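Encoded as structure tokens, the structure appears first; notes follow it.
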């Protein structure tokens, strides 16, 4: 089985929807996703920017995606000692990350002193419970690092959501630290990340990511990709992932 995780197109966070560019991205994305065969289920975050992205695809298909509350952006926060305020756990400055090597471990990141007293364990449990419930509908249950299924079959689950929760799902399925994924990988708006099961022994499967942040639907149509969600390549005095072209929407 495959799981396709789709990040929403370029967002307008002020209205929880899409920018003009985001709507172009969602249209090009929909043409690609509508070609996917044997889709077993479409699922979407409750937030507007993800639902608007999914709408372009679902209207072409004449269906609706099921809203899964846990697919809302990963809501774990902590007190950041570097910036002296509450921040999302997927936004660490490199100095903070490297001061806590336990964050790189799949079995140690959740117990970091950095996250002590935070809501992160609860949100992580909510996320993993959500993944377990969804995959349980298709006969999977987790046994350590294996996913057991006596009737695994081809077919695709399509999830429209957000970068933070997407990387959390990938981390859980592949037994990695989500912090490593949050800090070292980027999914640009409207990009597609795909995982597939490998079943070398009957009934025993693992998940393997063979495509992360793919944007061929943009590149093949000469549509530039958005830098929303990516910090400046070269220092420019800003500590934000808002593109420069958004003007005064970003803050120093």
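Read-outs throughout are calculated quantities, based only on the coordinates presented, and are distinct from any laboratory measurement. As the structure is a computational prediction, the values presented were derived from the model and not from experiment. Quick reminder, even Gly has a Cβ in these numbers, built from the backbone with ideal geometry, and neighbours come from all protein chains shown.
Quick notes on this structure:
- Ordering 174-186, 73-85 by mean Cβ neighbour count within 10 Å, with the highest value first, yields 174-186, 73-85.
- D (Stokes-Einstein, µm²/s), Kirkwood Cα radius, region 42-141, 0.890 mPa s at 25 °C: 155 µm²/s
- Taking every C-alpha pair closer than 8 Å and separated by at least 6 residues, the mean separation divided by the residue count of the chain gives a relative contact order of 25 percent.
- With Cα atoms defining each centre, region 35-53 and region 148-182 are spaced 15 Å apart in the structure.
- Size of region 2-249 from its Cα atoms: along the principal axes, largest to smallest, the extents are 52, 41, 27 Å.
- At full extension, residue 93 and residue 174 could sit 26.7 nm farther apart than now, given 0.36 nm per residue minus the alpha carbon distance.
- Highest mean first, the peptides 19-31, 218-230 sorted by other C-beta atoms within 10 Å per residue fall in the order 19-31, 218-230.
- Estimated FRET transfer efficiency (residue 119, residue 83; beta-carbon r; R0 22 Å; 0.05): 0.75
- Label-to-label distance, nm, for residues given as residue 211 and residue 64 (7 Å Cα→Cβ offset): 2.8 nm
- Calculated FRET efficiency, residue 185 to residue 151, Cβ-Cβ distance, R0 = 35 Å: about 0.60 to the nearest 0.05.
- Cβ-Cβ FRET estimate between residue 104 and residue 231, R0 fixed at 22 Å, reported to 0.05: 0.65
- Shape call, region 13-69: gyration tensor on alpha carbons, a/c limit 1.5: oblate
- 20 Å cut-off, amide nitrogen to a point 7 angstrom out along residue 126 Cα→Cβ, residues in region 170-198: 170-173, 178-179, 182
- Cα-projected label distance for residue 238 with residue 138, points at 7 Å along beta-carbon direction, nm: 3.8 nm
- Protection-proxy order for peptides 148-154, 164-170, each taking the mean of Cβ atoms within 10 Å per residue, highest first: 164-170, 148-154
- Considering only beta bridges that DSSP places wholly inside the chain, some 65 percent are antiparallel.
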